[in-house]
Each structure stands twice: as structure tokens, then as C-alpha cells.
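The values are calculated or read from the model by the stated rules, or taken from the named source; none is laboratory data. Just so it is clear, the model here is predicted, and its values are computed rather than measured. Here Cβ is always computed from backbone atoms with ideal geometry, including for glycine, and neighbour counts include all displayed protein chains. Side chains are part of the model used for accessible areas, which takes the heavy atoms of the whole protein and leaves out ligands, DNA and RNA. Shrake-Rupley method; radii C 1.70, N 1.55, O 1.52, S 1.80 Å.
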Amino acid sequence: MKDKNICVLGLGYIGLPTSLILCENGFNVHGVDINVELVDNLQKGETEIEEEGMAELLVRSIKNGKFSISENPKESEIYIIAVPTPFKEDFQPDISYIKSALNKISSLIKHNDLIIIESTIPVNTTKEMEDYLIGLGIKKGSFYMAHCPERVIPGNLLYEIVNNDRIVGGLDRKSTELTASLYRTFVKGDVLQTDAKTAELSKLTENAFRD
């Protein structure tokens, strides 16, 4: 797995620490965000996320050449989408940020690339996003796709990304296995394999419980 290049779309409180943990574990990561000021600050080794060890990890990952940041994605073998999914005014989930991320990488996706959605999404969204990519001209069956929802609380991000259990659900068995294989390179907790709908529902259930 560690010979794969990874592109992380969305460098907020999920995407940035995930990127840095991946860099610490030997991956080459390219981070992408549409916020120009955020990109500029990150390129200078500055982050507004108040998390112990985050700033030092950012500077080290940039200096050792493992982490690059820009507003545009780079061709990779693995794409991780960690963008916001807020509510619209009518309390319907807004997945336009995910579609925008897919638009950005659609011209870069190659045969057997893996796309992972970490953002919190409604049940069946992973399948809908596969259909969306196919609608953009990507051949069905030429790429792998899975959902691996984030499970962290701000203030303890770096610890929880590594130590919490994770659930992985692909659109097919191979997608699930590839995604689980990636997360097992840095997750010390259990990586539980299931299908996309189950992974989607598990995150919504956990959020409802926390609420």
C-alpha cells in the first residue's frame, strides 16, 4: 500500500490530521482545499487547528517532502474525500461539496484507483456518487469506491484517528478490502469490514447517539 500516492480533498479538522498521519506512516500525500488563505498558511507550515503536536507534524511532513498542498488535486492512486456535508435550509443534507471534489478528480481517475469518502453522508450516497462519476464519463467497474466515516472529536484528533476502531464499507468486496488494507497501515483499533450502506448508517447512528 505504501507505494500508493494519496490525494486528500478537504483540509479541515478531519482531512489535515488524516493527511499528516498518513505522511508519518510513509505515504506521499497531496492535500487539496478551495480555501486559498488556508492553503497559503498550510504551505508555510501554519495551522489554526489547536491540537497538541499538529503544527510540528505539519512542518515535519512538509520538510521531509511527504506532504504537499494546493488548490488543485494531483493524479494519485487513492483519493480521500473529507469535505463538509452541512444541512440546507430545509434540513436536507448538502452533498454538493462531495460532487465538487469528484468533479475535480474526474479527469485524473485511472483504472483501479480507489476513492474513499470520509464525510458524513446519507445512506446510499456512496452508490449515488459512483453513479455520478459514471455520469461524468468514468467507466463503471474501472475504479473502486468505499465509505470510511471519520470517528473523532476535536481536541484529541491525532490520538483518535490512530486508536479508534473504524468501519469500512465498499460498493463491492474488493473496494472494502483495499480500503481496510489502507487504514490498517495506521489504525491501531479494529478495522471492521462491511458494505457501504452499513458504514453510512453506522456513522449516522453514532452521531445521533452523541447528539
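Observations on the model:
- Computed from point charges on the beta carbon alone (+1 for Lys and Arg, -1 for Asp and Glu), the dipole magnitude for the chain about its Cα centre is near 840 Debye.
- Stretch gain in nm, segment Lys88-Ala55, where the contour uses 0.36 nm per residue and the Cα spacing is subtracted: 8.6 nm
- Checking every one of the trypsin sites (Lys or Arg not before Pro) in the range 73-134 against DSSP loop status and a limit of 13 other Cβ atoms within 10 Å picks out Lys88, Lys110.
- Note on the range 10-88: with charges restricted to the Cβ of Lys and Arg (+1) and Asp and Glu (-1), its dipole about the Cα centre is near 240 debye.
- Estimated FRET transfer efficiency when R0 is 35 angstrom, pair Lys2-Asn124 (beta carbons, to 0.05): 0.60
- Its Cα centre serving as origin, the range 81-179 has a Cβ charge dipole (Lys and Arg +1, Asp and Glu -1) of approximately 380 debye.
- In the context of the full protein assembly, Ile98 retains an accessible surface of approximately 0 Å², using a probe radius of 1.4 Å and ignoring ligands and nucleic acids.
- Separation of the range 20-97 from the range 102-156 is 17 Å, based on Cα centroids.
- Over the range 1-143, relative contact order from alpha-carbon pairs under 8 Å, at least 6 apart, %: 24 percent
- The DSSP beta bridges internal to the chain are antiparallel in roughly 10% of cases.
- Cα gyration tensor, the range 40-147 - rounded (a/c under 1.5), prolate or oblate: oblate
- Three-way shape label, the chain, alpha-carbon gyration tensor, a/c 1.5: rounded
- Glu118, Glu56, ranked by accessible area, largest first (probe 1.4 Å): Glu56, Glu118
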